[in-house]
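Take a look at the structure below.
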Amino acid sequence: MRRTLRQRTERKHLMAAEPEVLEELRRLRARVAHVTGALAATSDGLVLAHDTAAVEPEGVAALTAAALGVARSMADATGRGAFRELLVRGEDGYVATYAAGPAAVLTVLAGGRTNVGRLHLEARRSGARVGELVSGALGRAEQG
């Protein structure tokens with residue numbers, strides 16, 4: 001019962017951070033050409049905010065959580081340290097996932113003509129900002 005109550009409190013505080021997280025996603029899209037969408041989610045797949053039109057955010061967040069589990073295991077098994085980012089290249093573009101603090105991830109969708117170096121630079125910055133926002137929200141949940 002206490003765990004359920006704590007989870008509800010955390011979700012409430014996380015959702016309160018949604019406007020700021022959404023604004024960061026929009027700024028990222030404005031800074032990087034050919035980015036078609038972005039979403040922030042908890043590590044277990046709860047959507048915090050999204051700026052996507054062509055994909056269903058809950059499905060992408062769930063897939064991100066699954067891919068995150070595999071990526072973390074791979075990094076651990078190969079002695080590469082904590083998860084930082086994952087890049088998937090498809091025929092029509094990229095799906096990139098970045099650590100956003102200890103409790104969240106940032107997933108970015110980009111077209112095939114995207115400058116991947118620029119994408120990494122800007123998305124890492126946005127991931128750090130999202131991580132700060134999420135950590136702040138979780139800190140408020142612990143105090144409340």
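Report the Cα centroid-to-centroid distance between segment 86-139 and segment 54-78 in angstrom, as an integer. First find each Cα centre; the distance between them is then 12 Å. Surface exposure of the chain, expressed per residue as accessible area with a 1.4 Å probe, stands at 58 Å². Within segment 18-117, the GluC sites (Glu not before Pro) that combine a DSSP coil assignment with at most 14 other C-beta atoms in a 10 angstrom radius are Glu91.
Using only alpha-carbon positions in the chain, the gyration tensor eigenvalues give semi-axes of 25, 18, 13 Å once each is multiplied by 5 and square-rooted (largest first). Nonpolar atom fraction for segment 40-135, defined as the carbon and sulfur part of the 1.4 Å probe accessible area, stands at 54 percent. Averaging the sequence gap over all C-alpha pairs within less than 8 Å and six or more residues apart, then dividing by the number of residues, gives the chain a relative contact order of 28 percent. Of all DSSP bridge pairs formed entirely within the chain, close to 100 percent run antiparallel. Please give the calculated 222 nm ellipticity per residue for the chain, where each DSSP H segment of at least 4 residues contributes -39500 (n - 2.57) and the sum is spread over every residue; nearest 500 deg cm²/dmol? Helix-only estimate at 222 nm: -18500 deg cm²/dmol. At full extension, Arg31 and Lys12 could sit 3.9 nm farther apart than now, given 0.36 nm per residue minus the alpha carbon distance.
The values are calculated or read from the model by the stated rules, or taken from the named source; none is laboratory data. Every value quoted in this text rests on a predicted model; they were computed, and no experiment measured them. Cβ coordinates were reconstructed from backbone atoms using ideal geometry, including for glycine residues, and neighbour counts include every protein chain displayed. Accessible surface is based on the protein model in full, side chains and every heavy atom, while ligands, DNA and RNA are left aside. Shrake-Rupley method; radii C 1.70, N 1.55, O 1.52, S 1.80 Å.
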